[in-house]
Amino acid sequence: MRKKIVAGNWKMNTLPAEGVELAKGVAAGRAEVCSCVNFIVCPPFTHLWQVVETLKGTDIAVGAQDCATEAKGAYTGEIAASMIAALGCKYVILGHSERRQYYGETSATLNRKMEQAYANSLTPIYCVGENLEEREAGRHFDVVKAQIEEVVFNLTAEQFADLVIAYEPVWAIGTGKTATAEQAQEIHAYIREVLRSKFGAAADECPILYGGSCKPSNAQEIFAKADVDGGLIGGAALKAEDFLAIGKGF
């Protein structure tokens, strides 16, 4: 059975004290959600360590929102995967649509980041998805397929076994728009089909998360679909009550 995952991407939100309080809130309500759900929180770099410390003794994992392409060196402002791992993080988000759009991240960039993540025993949450123009042009399948083939297909079987994929309908991030449950299932099933063409039956074990304006009111309907294994949550992850309520959607 595939993992059920609810991951919170806090993006550039919360100061350190606020992040600690948010983490405490998630931990306090964790017992109300089935232990079968794996919770992950991804705070800003500035307070990863404090959140890791706050969540010690719980089963809530911590991830970073990005990592550098290089192991170390003269890269001012960058944060290496080894540094993230040393703080106690277990996951790292790679290829988020905002990184692709605002910072020009390409498949070449992401291949190097994936290499760094695996070298430091971090599980990548690799994001794929199309924007509104691509969706309206009927190119969403092609876009997602290319994002998978150009990066995920370069992984070894062992690496692929430790991967989470997050599908983001970019047109639904921060817009209040949401893909219907049927649209989510359609593209998730397609992603699994593409993965199966390379990795065979192992594709059936890879968690694929939905990441586009997922909230307590629609989580249950979306998570009920066969190929949707959870969510990569943005805005709703900033309120412990909402984040936990999404976990109850399974």
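Report yes if residue 33 is crowded, with 19+ Cβ neighbours inside 10 Å and under 18 Å from the mean Cα position of the chain (by Cα), otherwise no.
No: the conditions fail for residue 33.
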(request) Hey, could you check segment 162-209 for residues that are touching a residue at least 60 places away in the same chain (Cβ under 8 Å) and closer than 24 Å to residue 13 by Cβ and say which is surrounded by the fewest Cβ atoms within 10 Å (Cβ to Cβ)? (result) 174
(request) Pull up segment 1-30, narrow it to residues that are in contact with a Gly (Cβ under 8 Å, 6 or more places away or on another chain) and in a loop (DSSP other than H, G, I, E, B), then point me to the one that is surrounded by the fewest Cβ atoms within 10 Å (Cβ to Cβ). (result) 3
(message) Would you confirm whether or not segment 125-146 contains a residue that is touching a Gly at 6+ places or on another chain (Cβ under 8 Å) and hydroxyl-bearing (Ser, Thr, Tyr)?
(response) yes
(message) Against the condition under 30 Å from residue 13 (Cβ atoms), in contact (Cβ under 8 Å) with a residue 60 or more places away in the chain and part of a loop (DSSP other than H, G, I, E, B), how does residue 212 come out, does it pass?
(response) yes
(request) Working carefully through the options 163, 232, 195, find the one that is over 25 Å from residue 29 (Cα atoms) and out of contact with any helix residue (DSSP H, G or I) (no Cβ under 6 Å at 6 or more places or on another chain). (result) 163
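Every number in this text was worked out from the coordinates using simple rules, so none of it is lab data. No experiment lies behind these values; they were computed from the predicted model shown. Positions of Cβ are generated from backbone atoms using ideal geometry, with glycine treated the same way; all protein chains shown enter the neighbour counts.
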